[in-house]
1. Looking at the range 66-124, which of its residues are farther than 18 Å from D31 by Cα and either of a type in the set (S, T, N, Q) or assigned to a strand (DSSP E or B) (or both)?
2. In this structure, is A64 within 16 Å of the chain's Cα centre (by Cα), in contact (Cβ under 8 Å) with a residue 40 or more places away in the chain and under 20 Å from R119 (Cβ atoms)?
3. Taking the conditions exactly as written (in a strand (DSSP E or B), among the acidic types (D, E) and more than 18 Å from R117 (Cβ to Cβ)), does E43 satisfy them or not?
4. Among the numbered conditions (1) crowded, with 18+ Cβ neighbours inside 10 Å; (2) aliphatic (A, V, I, L, M); (3) closer than 14 Å to T80 by Cα, tell me where V57 comes up short.
5. Does the range 60-71 include one or more residues that are among the basic types (K, R) and either under 26 Å from E109 (Cα atoms) or modelled with pLDDT of 95 or more (or both)?
6. Considering only the range 40-67, state which residues are aromatic (F, W, Y) and touching a helix residue (DSSP H, G or I) at 6+ places or on another chain (Cβ under 9 Å).
7. For the structure I just gave you, tell me whether E55 is among the acidic types (D, E), over 9 Å from the mean Cα position of the chain (by Cα), farther than 19 Å from M1 by Cβ and in a helix (DSSP H, G or I).
8. Inspect all residues belonging to the range 24-39 and state whether any of them is out of contact with any helix residue (DSSP H, G or I) (no Cβ under 8 Å at 6 or more places or on another chain), surrounded by fewer than 17 Cβ atoms within 10 Å (Cβ to Cβ) and part of a helix (DSSP H, G or I).
Amino acid sequence: MDCVFVEGLDVYAYHGVTDAEQEVGRRYRFDVRLYLDAQPAAEWDYVGKTVDYGEAVRIILTEATGHKVKVVEHLAEQITQALFSAFPAAKRIRLRVAKLDPPVGVVVEAAGIEIERERPAEND
């Protein structure tokens, strides 16, 4: 299976368990891999047969900044479902959400979640 990816998308957003995190905000880094068969796009030289990574970035930005959540697991699930909705060619998605410099009392570069989801099988 082929893969369209975006790595190192940095976004400032207002998520977290505490009110302070949701008021002050933090930087988040997103890495996404969307697995698909890229051969139709290669044959037809047509973006409609693949995943438009520019549109994937816009979807991630919209989901990451459009509302506040407490846990990054919830945010990751929302982003993944939005990507599946936008890109029928995507069969599997791996998404990493990293909260940069998380408030844990010691120096930590990042903490977060990486999820992998497969598109549910269609009923015949």
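The values are calculated or read from the model by the stated rules, or taken from the named source; none is laboratory data. Source: prediction; values computed, not measured. Neighbour counts are summed over all protein chains in view; Cβ atoms, including those assigned to glycine, are modelled from backbone coordinates with ideal geometry.
1. As a first pass, look at the range 66-124 and keep what is farther than 18 Å from D31 by Cα: 66-70, 85, 88-89, 103-108, 119-124.
Of everything in the range 66-124, those that are farther than 18 Å from D31 by Cα and either of a type in the set (S, T, N, Q) or assigned to a strand (DSSP E or B) (or both) turn out to be S85, N123.
2. On the way: within 16 Å of the chain's Cα centre (by Cα): yes; in contact (Cβ under 8 Å) with a residue 40 or more places away in the chain: yes; under 20 Å from R119 (Cβ atoms): no.
Taking the combined requirement at face value, the residue does not satisfy it.
3. On the way: in a strand (DSSP E or B): no; among the acidic types (D, E): yes; more than 18 Å from R117 (Cβ to Cβ): yes.
Considered against the rule, which asks whether it is in a strand (DSSP E or B), among the acidic types (D, E) and more than 18 Å from R117 (Cβ to Cβ), E43 comes out as no.
4. (1)
5. As a first pass, look at the range 60-71 and keep what is among the basic types (K, R): 68, 70.
From the residues that got through so far, the ones that are either under 26 Å from E109 (Cα atoms) or modelled with pLDDT of 95 or more (or both) too are 68, 70.
Yes: the range 60-71 contains one or more residues that are among the basic types (K, R) and either under 26 Å from E109 (Cα atoms) or modelled with pLDDT of 95 or more (or both).
6. Within the range 40-67, the first condition is being aromatic (F, W, Y), and the residues that meet it are 44, 46, 53.
Listed by number, the list holds a single entry, Y46.
7. On the way: among the acidic types (D, E): yes; over 9 Å from the mean Cα position of the chain (by Cα): yes; farther than 19 Å from M1 by Cβ: yes; in a helix (DSSP H, G or I): yes.
Judged against the criteria, E55 is a match.
8. For the range 24-39, residues out of contact with any helix residue (DSSP H, G or I) (no Cβ under 8 Å at 6 or more places or on another chain), surrounded by fewer than 17 Cβ atoms within 10 Å (Cβ to Cβ) and part of a helix (DSSP H, G or I): present.
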